[in-house]
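J.: The structure that follows is given in the form of structure tokens.
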Amino acid sequence: MNFVEFFNRARARLNFDVPAGLTDAAVVPVSGDAGTDRMLQIIAAEQPIRPAAVLIAVVQHEQPTILLTQRAAHLNDHAGQVAFPGGKIDASDASPLDAALREAEEEVGLDRSYVEPIGYLDLYGTAFGFRILPTVARVKPGFTLRVNENEVESAFEVPLAFLMNPANHQLHSKEFRGAERSYYAMPFEERYIWGATAGILRVLYERICLP
């Protein structure tokens, strides 16, 4: 699938309707994996909802890429892991989109004038009690990043073609409170992309790349 087709499909299949499950405890996000769904139901009953937003920034190079970050090693949550730019939604944010753009500016200095938002992907629940609403966006090249070392160790780009190739989607599993939970991993060069980041990328593949 080429870049033009990818974004034509994204525009046709995504929108900016905010799902009720972002803030409604009665709605538990569905992952498609039975073990993970049971885990999310347990977490939803135990922890308050923590709405978050991330930016899936697809950079319009000749061979398009997705912008990712390596989180700082000293952070309390997901230290050292590969992540999308993003974070929790603040009361001052006008929308999840606004939160994603703000966080991208704060974490890596991505100027929103380069960003063309396309729409929200599916709501994604994590084992840490976050409900993440990703925004898919097209990003014009030519931007200059300024990494906030308090939050991010580095920023890097991975080819869209690699991430949207199901042959690179490794499926692993581990036990969570007596139930088997599956999760995706997409190792790329020295970067280990897994957990929520890989899970969201898999959702992106299923929503946009499959017929």
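The values are calculated or read from the model by the stated rules, or taken from the named source; none is laboratory data. Given the structure is predicted, the values throughout are model-derived calculations rather than measurements. Cβ coordinates were reconstructed from backbone atoms using ideal geometry, including for glycine residues, and neighbour counts include every protein chain displayed. Just so you know, the surface numbers come from the protein's heavy atoms only, side chains and all, with ligands and any DNA or RNA stripped out. Shrake-Rupley method; radii C 1.70, N 1.55, O 1.52, S 1.80 Å.
J.: What list of ³J(HN,Hα) couplings, whole Hz, do you get for segment 149-154 from phi and the Karplus terms 6.51, -1.76, 1.60, once you set θ to phi - 60° and write x for glycine and proline?
T.: For segment 149-154, the Karplus-derived couplings read 5, 5, 10, 10, 7, 7 Hz, x marking Gly and Pro.
J.: If r is the Cβ-Cβ distance from SER154 to ALA26 and R0 is 41 Å, what FRET efficiency results, to the nearest 0.05? Please list the in-between numbers first.
T.: Numbers: r = 39 Å, r/R0 = 0.96.
Efficiency, rounded to the nearest 0.05: 0.55.
J.: For the chain, what does the relative contact order come out to in percent, with C-alpha contacts under 8 Å and a separation of six or more?
T.: Details: 414 pairs, mean separation 53.1, N = 211.
Rounded, it is 25 percent for the chain.
J.: Let me ask you something else. For segment 169-211, just say rounded, prolate or oblate: build the C-alpha gyration tensor, square-root its eigenvalues into a ≥ b ≥ c, call rounded for a/c under 1.5, and beyond that prolate if a/b exceeds b/c, oblate if not.
T.: Values: a/c = 2.79, a/b = 1.34, b/c = 2.08.
Here segment 169-211 falls in the oblate category.
J.: Report, by chain and number, residues whose modeled amide H sits under 5 Å from the one on GLY125, excluding near sequence neighbours (fewer than 5 apart, same chain).
T.: When sequence neighbours closer than 5 places are left aside, the close amide H contacts are ILE132.
J.: Another question, if that's okay. How many nm separate the modelled label positions at HIS61 and GLU190, each set 7 Å beyond the Cα in the direction of the Cβ?
T.: Reported label-point gap for HIS61 and GLU190 is 1.7 nm.
J.: Just reorder GLU180, GLU107 by solvent-accessible area, largest first, 1.4 Å probe, all chains present.
T.: Working: GLU180 100, GLU107 5 Å².
Order by accessible area, largest first: GLU180, GLU107.
J.: Work out from phi, with θ = phi - 60° and the Karplus expression 6.51 cos²θ - 1.76 cosθ + 1.60, the ³J(HN,Hα) of each residue of segment 122-130, listed in order in whole Hz, and give x for Gly and Pro.
T.: Taking θ as phi minus 60°, the curve returns 5, 5, 10, x, 10, 6, 9, x, 8 Hz for segment 122-130.
J.: Only Lys, Arg, Asp and Glu count, each charged at its Cβ (+1, +1, -1, -1), so figure out the dipole size of the chain about its Cα centre, rounded to 20 debye. Walk me through the numbers before you get to the answer.
T.: Numbers: 19 positive and 27 negative charges, 90 e Å.
With only Lys, Arg, Asp and Glu charged at Cβ, the dipole is about 440 debye.
J.: List the residues whose amide H sits under 5 Å from the amide H of GLU153, counting only those 5 or more places along or on another chain, with H placed 1.01 Å from N in the peptide plane.
T.: GLN70, ARG71, ALA72
J.: Does segment 1-155 come out rounded, prolate or oblate by the C-alpha gyration tensor, with a ≥ b ≥ c the root eigenvalues, rounded set by a/c under 1.5 and, if not, prolate when a/b is larger than b/c and oblate if not? Mind dumping the intermediate values first?
T.: Details: a/c = 1.78, a/b = 1.29, b/c = 1.38.
Since a/c reaches 1.5 but b/c is at least a/b, the shape of segment 1-155 is classed as oblate.
J.: Say the dipole of the chain comes from +1 at the beta carbon of Lys and Arg and -1 at that of Asp and Glu; which of LEU210, ALA94, LEU68 then lies farthest toward its positive end?
T.: Result: LEU210, furthest along the dipole toward the positive end.
J.: Go through segment 47-60 residue by residue and turn each phi into a ³J(HN,Hα) via Karplus (6.51, -1.76, 1.60, θ = phi - 60°); whole Hz please, and just put x for glycine and proline.
T.: In residue order, the calculated couplings are 10, x, 5, 10, x, 9, 9, 10, 10, 8, 8, 8, 8, 7 Hz.
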